[in-house]
């Protein structure tokens, strides 16, 4: 019995034949530099498709790797999808289980420009989480910088994300959800308005109303990660919070009192000058 990936590969082959994009299975095999006899064994469910054959099929016939490995999306990529297709670097442990790669703030500028460099990614810190949902698929976590996403996310928080394949961006990017956008020069944590289909861009929205929304062309986006969870620093106990707030209020009260004295003194000086 062949694997589900092999069956999806056969589905793509059969669609090419049905649409007459290839004249025969032999021509299909020759275009992939693969023995027709070996392909015949795959099509007869006697052999599984190899990773190298899948790689060639993605390159030559634009088979959609997302469909092949997950069953989601169309059989084949569009031209723009194929141009932007990239192999994502992952890190595994000794049991070949994938680990979560963490991208801290100091590394984010480098990650934006070097995310395709396996050496750079493999040198980043990695870890695992016990929840099963983080054992399936590829995940990254990113440090949150700045205050643009307050009060939802604060500087120092970490967001744990799952990878969104480029072929799914147009249809799967959900309005008002939070994503990490890796552009050619930056790593951005924002809510989104998906305008890819009509305007070939996305609008990035901050939760902090001080920051205005802005558009980013989809051609500038390298990776998109869906935020699934956040990890926040431990907060002080409620009693300590009250103490901290009381101290800050006392300081504010003193500042206002001092400013009032300065203003009062200024008025007296002005009054004296006017009377003279």
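Just a few scattered comments:
- Some residue of region 196-207 being surrounded by 16 or more Cβ atoms within 10 Å (Cβ to Cβ) and within 10 Å of the chain's Cα centre (by Cα): no
- Listed by position, the strands (runs of 3 or more DSSP E) enclosed by region 164-276 that each have at least 3 residues that are touching a residue at least 40 places away in the same chain (Cβ under 8 Å) and closer than 30 Å to residue 89 by Cα are 178-183, 187-195, 221-231.
- Members of region 227-253 that are surrounded by 10 or more Cβ atoms within 10 Å (Cβ to Cβ), at pLDDT below 65 and within 36 Å of the chain's Cα centre (by Cα): 236, 241
- Residue, surrounded by the fewest Cβ atoms within 10 Å (Cβ to Cβ), within region 81-106, restricted to residues that are modelled with pLDDT under 85 and assigned to a helix (DSSP H, G or I): 83
- Helices (runs of 4 or more DSSP H) wholly inside region 10-80 that include at least 3 residues being in contact with a strand residue (DSSP E or B) (Cβ under 9 Å, 6 or more places away or on another chain): 51-61
- The residue of region 183-193 that is farthest from the chain's Cα centre (by Cα), among those that are over 16 Å from residue 146 (Cβ atoms) and at pLDDT 95 or above, is 193.
- Within region 122-142, the residues that satisfy the criterion of being under 18 Å from residue 104 (Cβ atoms) and touching a strand residue (DSSP E or B) at 6+ places or on another chain (Cβ under 6 Å) are 124, 125, 126, 127, 139, 140, 141, 142.
- Against the numbered list (1) assigned by TED's automatic domain parsing to the domain that holds residue 224; (2) more than 30 Å from residue 15 (Cβ to Cβ), residue 170 comes up short only at (2).
- Filtered residues of region 151-162 (kept if surrounded by 15 or more Cβ atoms within 10 Å (Cβ to Cβ) and not in a strand (DSSP E or B)): 152, 153, 157
- Residue 146 vs. criteria in a loop (DSSP other than H, G, I, E, B) and assigned by TED's automatic domain parsing to the domain that holds residue 165: yes
Here's the yes/no breakdown for (1) surrounded by fewer than 18 Cβ atoms within 10 Å (Cβ to Cβ); (2) in contact (Cβ under 8 Å) with a residue 24 or more places away in the chain; (3) within 34 Å of the chain's Cα centre (by Cα):
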site	(1), (2), (3)
8	no, yes, yes
13	no, yes, yes
30	yes, no, no
33	yes, no, no
44	yes, no, no
51	yes, no, yes
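The values are calculated or read from the model by the stated rules, or taken from the named source; none is laboratory data. All values derive from a computational prediction rather than experimental measurement. All Cβ positions, even for glycine, are placed from backbone atoms using ideal geometry, and neighbour counts span all protein chains on display.
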